[in-house]
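Chemist: Pasting a structure here, questions to come.
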Amino acid sequence: MTNFAARPARSRLAIGTFFLAVALTACSTNTNSTEATTNPDSAKGESAPGRVVVITTGGTIATSTDANGVRRPTVSGSDLAAGLDVEVMDVMKKDSSQLTPADWDVIGAAAKKAVADGASGVVITHGTDTMEDTAMWLDVTYNGPAPIVLTGAQRSSDAPDADGPANLRDALTVASSPTARDQGVMIMFAGDVFQALGTHKVNTQDLHAFGGTPPIGSVADNTFTLDHPAQRPFLGEVPAVSAPRVNVVAAYPGDGPGPIDAAVAAGARGIIVEALGSGNAGDGVVDAVRRHAPGGVSFGISSRVPTGDVIAEYGPGDDMVKAGAVMVPHLRPSQARVLVMAALATGKPVAEVIKRWG
């Protein structure tokens with residue numbers, strides 16, 4: 001077991017534009033493998049045991065509370081990891097609601113470089129609002145053996161009962177464990193370890209912030225236990241910044257075709273419909289699917305309902321499927337969007353990708 005309190009954290013500043021350049025160069029080299037960013041030893045699973053890199057991106061775990069009670073990311077990576085035997089890379093300091101696909105590339109490039117340089121595991125501290133999006137993009141574009149573990153907090157760093165320190169220590173336990181090898185991208189929160197695929201935020205305040213899929217493991221007494229292996233939906237190494245645009249459009253009573261028409265006019269090549277119930281929508285949405293799907297716009301039908309299968313068991317859902325839409329049975333809109341972005345970017349058939357991973 002690695003002792004993370006052995007010596008102070010080693011900190012170095014990772015400039016975002018540098019890592020974006022690395023990401024774009026690697027992805028243009030090869031869109032179907034990790035050979036461009038992974039050295040031969042790490043590809044064989046021979047990286048140095050126990051060396052973990054922490055990549056910081058901001059989020060609640062790095063926030064402090066100002067005089068007006070507003071939380072903003074202010075805490076450095078070296079402060080977050082003070083006293084832990086890890087290397088720290090301060091990549092950015094953002095509220096995760098403000099992250100963009102270009103930021104996913106920066107984060108991914110930093111993580112892949114850490115693995116290529118010999119890290120046996122990577123921990124990414126991240127805001128909870130879009131942790132599921134970033135985790136999903138990393139998982140569809142990373143196929144290496146070293147685990148990448150995302151974690152964060154629900155309480156600010158200056159809260160008397162801050163949950164960030166415990167989450168960070170538990171994430172380090174996962175990232176340094178040989179058991180986590182080949183499990184891809186995971187989310188560790190409040191002792192539960194989730195695969196990226198299918199996991200989403202389920203509570204705005206509770207410390208057990210994530211769900212949507214059963215945990216694949218847990219951390220207790222500084223030990224990671226893997227209950228079952230993770231599913232890894234790797235599609236290929238491609239940059240998010242140049243992936244085709246995919247919009248999420250919510251269905252609601254009294255809606256019409258306008259939001260979908262506007263999204264297509266703005267350049268969307270894919271639409272995820274946040275449908276009602278098990279995959280239904282009003283006549284205007286159904287009409288928009290009928291008009292745009294034949295023109296090459298990919299439609300995935302997810303749901304605003306937090307859990308349960310999405311299937312075409314009612315008339316409106318069946319009509320959208322007959323018009324060319326694909327039901328996304330398990331993923332909710334945030335991750336369904338990321339999956340379709342990656343499918344379009346890698347040139348893989350969207351329907352087949354959704355059938356396998358959606």
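Chemist: Number of Lys-Lys pairs in the chain under 20 Å by Cα, sequence gap 8 or more or different chains? Working shown, then result.
Modeler: Values: Lys44/Lys112; Lys44/Lys113; Lys93/Lys112; Lys93/Lys113; Lys94/Lys201; Lys322/Lys355.
Going through the chain pair by pair, I get 6.
Chemist: Okay, next question. Apply the Karplus curve 6.51 cos²θ - 1.76 cosθ + 1.60, θ = phi - 60°, to the phi angles in the range 336-344 and return the couplings in whole Hz, x for Gly and Pro.
Modeler: These are the phi-based 3J(HN,Hα) values: 4, 4, 4, 4, 5, 4, 5, 4, 5 Hz.
Chemist: Of the peptides 280-292, 164-176, 304-316, how do they stack up when ordered by the mean number of other Cβ atoms within 10 Å, highest first?
Modeler: Details: 280-292: 20.9, 164-176: 23.5, 304-316: 14.6.
For the peptides 280-292, 164-176, 304-316, the packing ranking is 164-176, 280-292, 304-316.
Chemist: Springs between alpha-carbon atoms under 10 Å, Gaussian network over the chain: tell me which of Ala265, Ala293, Ala323 tops the mean-square fluctuations.
Modeler: Highest fluctuation of the listed residues: Ala265.
Chemist: Could you give each residue of the range 300-313 its phi-based ³J(HN,Hα) in whole Hz, using Karplus coefficients 6.51, -1.76, 1.60 with θ = phi - 60°, and x for Gly or Pro?
Modeler: x, 10, 10, 8, 7, 6, x, 9, x, 6, 9, 9, 7, 9
Chemist: Based on Cα positions only, what radius of gyration and what Dmax would you give for the range 244-357, in angstroms?
Modeler: 12.3, 36
Chemist: Right, here's the next one. Count the net charge of all other residues whose Cβ sits under 13 Å from the Cβ of Pro101, scoring Lys and Arg as +1 and Asp and Glu as -1. Intermediate values should be presented prior to the final figure.
Modeler: Working: positive: Arg245, Arg337; negative: Asp103, Asp105, Asp133.
Computed value for this residue: -1.
Chemist: Next up: With the cut-off at 1.5 for a/c, could you classify the range 52-226 from its C-alpha gyration tensor as rounded, prolate or oblate?
Modeler: The shape class here is rounded.
Chemist: With a 10 Å cut-off between alpha carbons and a GNM built on the chain, which of Gly236, Gly77, Gly267 moves the most?
Modeler: Gly267
Chemist: Sticking with this one: Cut-off 14 Å, label point 7 angstrom out along Cα-to-Cβ of Arg291: give me the residues of the range 258-285 whose amide nitrogen falls inside.
Modeler: Only 258-266, 283-285 pass the distance filter.
Chemist: In percent, what relative contact order does the range 156-231 have, based on Cα pairs under 8 Å that are 6 or more apart in sequence?
Modeler: Once divided by the residue count of the range 156-231, the mean separation gives 28 percent.
Chemist: Counting DSSP beta bridges in the chain, what percent are antiparallel, to the nearest 5? List each step's numbers first, then the result.
Modeler: Details: 16 of 50 bridges.
Roughly 30 percent of the DSSP beta bridges within the chain come out antiparallel.
Chemist: On the accessible surface of the range 186-280, probed at 1.4 Å, how many percent belong to carbon and sulfur atoms?
Modeler: 53
Chemist: Further question: Summing +1 for each Lys or Arg and -1 for each Asp or Glu, what net charge is found among the other residues whose Cβ lies under 11 Å from the Cβ of Val202?
Modeler: Once positives and negatives cancel, what remains is 0.
Chemist: Counting only protein heavy atoms and using a 1.4 Å probe, what share of the accessible area of the range 284-338 belongs to carbon plus sulfur, as a whole percent? Don't skip to the answer; put the middle values down first.
Modeler: Details: 1200 of 2320 Å².
Summing carbon and sulfur atoms, their accessible area is 52 percent of the total for the range 284-338.
Chemist: Between the range 313-349 and the range 118-138, what's the alpha-carbon centroid distance in Å?
Modeler: Each part reduced to its Cα centre gives a spacing of 24 Å.
Chemist: Given a 1.4 Å probe, how much area per residue of the range 244-357 is accessible, in Å²?
Modeler: 42
Chemist: Next question. In whole percent, what relative contact order does the chain give with Cα contacts below 8 Å and a gap of six or more residues?
Modeler: Once divided by the residue count of the chain, the mean separation gives 15 percent.
The values are calculated or read from the model by the stated rules, or taken from the named source; none is laboratory data. As the structure is a computational prediction, the values presented were derived from the model and not from experiment. When we count neighbours, we look across all protein chains shown, and the Cβ atoms used for this are built from the backbone with ideal geometry, even at glycine. Quick note on the areas: whole protein, heavy atoms, side chains included, nothing else; ligands and nucleic acids left out. Shrake-Rupley method; radii C 1.70, N 1.55, O 1.52, S 1.80 Å.
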